[in-house]
1. Tally up the residues in region 108-139 that are surrounded by 12 or more Cβ atoms within 10 Å (Cβ to Cβ) and within 16 Å of the chain's Cα centre (by Cα), please.
2. What strands (runs of 3 or more DSSP E) lie completely within region 88-143 and have 3 or more residues being of a type in the set (A, V, I, L, M)?
3. Of the conditions (1) modelled with pLDDT under 95; (2) in contact with a strand residue (DSSP E or B) (Cβ under 7 Å, 6 or more places away or on another chain), Thr71 fails just one. Which one is it?
4. Would you confirm, using the coordinates I've provided, whether Glu57 is farther than 16 Å from Thr145 by Cα, at pLDDT 95 or above and surrounded by fewer than 17 Cβ atoms within 10 Å (Cβ to Cβ)?
5. For region 12-54, name all the residues that are closer than 21 Å to Ala72 by Cβ and either among the basic types (Lys, Arg) or modelled with pLDDT under 75 (or both).
6. Filter region 90-107 down to the residues that are of a type in the set (A, V, I, L, M) and either touching a Cys at 6+ places or on another chain (Cβ under 7 Å) or buried (at least 18 other Cβ atoms within 10 Å of the Cβ) (or both) and list them by number.
Amino acid sequence: ICQQTGWNGQPVQVHKVGDGDTASRLKPVTDSRRLRITFNGSVSDVLPWKFTPQQREVRVLPGETALAFYTAVNKGPQDIIGVATYSVTPGQVAPYFSKIQCFCFEEQKLNAGESVDMPVFFFIDPDFAKDPSMKNIDTITLSYTFFSELPHFLASPFLMRPFYMERYSNTRLIAEARYDDNGVLRPTA
């Protein structure tokens with residue numbers, strides 16, 4: 001629902017990438033001010049990952065594409081699947097923040113000890129420069145949080161101890177757990 005409504009800083013795709021109109025939207029507004037885009041990364045308490053942006057900020061014009069990278073490291077003793085959600089602040093900017101390529105809302109499997117770089121390719125819609133309510137906004141923050149796809153009782157740090165890992169490390173069960181229609185994570189076996 002957040003993706004559709006723009007609630008809580010979730011971008012709404014006003015102009016979907018892939019529309020015939022996209023190429024025309026990727027022209028920098030050269031008479032506009034550069035915007036400072038900052039990056040945050042975090043993980044839920046039960047996910048033994050480190051997740052950080054590789055750069056603190058980039059500066060872009062509305063309509064100009066930018067590429068940023070995050071690094072995720074699985075510090076746990078087993079392979080784990082995570083899913084990232086994101087938000088844009090201030091929230092009123094969200095409809096203008098357009099991602100061309102991103103890792104969010106898709107399962108990301110990291111093997112034990114694995115480190116991966118994750119790209120985000122985006123632009124600020126040129127209409128941002130025309131919106132009078134955006135005139136005082138110079139900084140936009142893109143934040144991601146990774147969550148475990150595991151049920152909490154399997155992903156807890158307590159179970160990361162060797163005894164429990166041997167006992168509960170059924171990777172088939174872990175790899176095939178999915179959310180049901182009520183939002184409850186259940187094994188699909």
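1. Total meeting the criteria: 10.
2. Because the criterion is at least 3 residues that are of a type in the set (A, V, I, L, M), the strands (runs of 3 or more DSSP E) in region 88-143 that meet it are 115-124.
3. (1)
4. Yes, satisfied.
5. Lys50, the sole residue that qualifies.
6. Step one: of region 90-107, the residues of a type in the set (A, V, I, L, M) are 93-94, 100.
Val93, Ala94, listed by residue number.
The values are calculated or read from the model by the stated rules, or taken from the named source; none is laboratory data. Predicted model, so just to flag it, every value in this text is computed and none were measured. All Cβ positions, glycine included, derive from the backbone under ideal geometry; neighbour counts span all protein chains shown.
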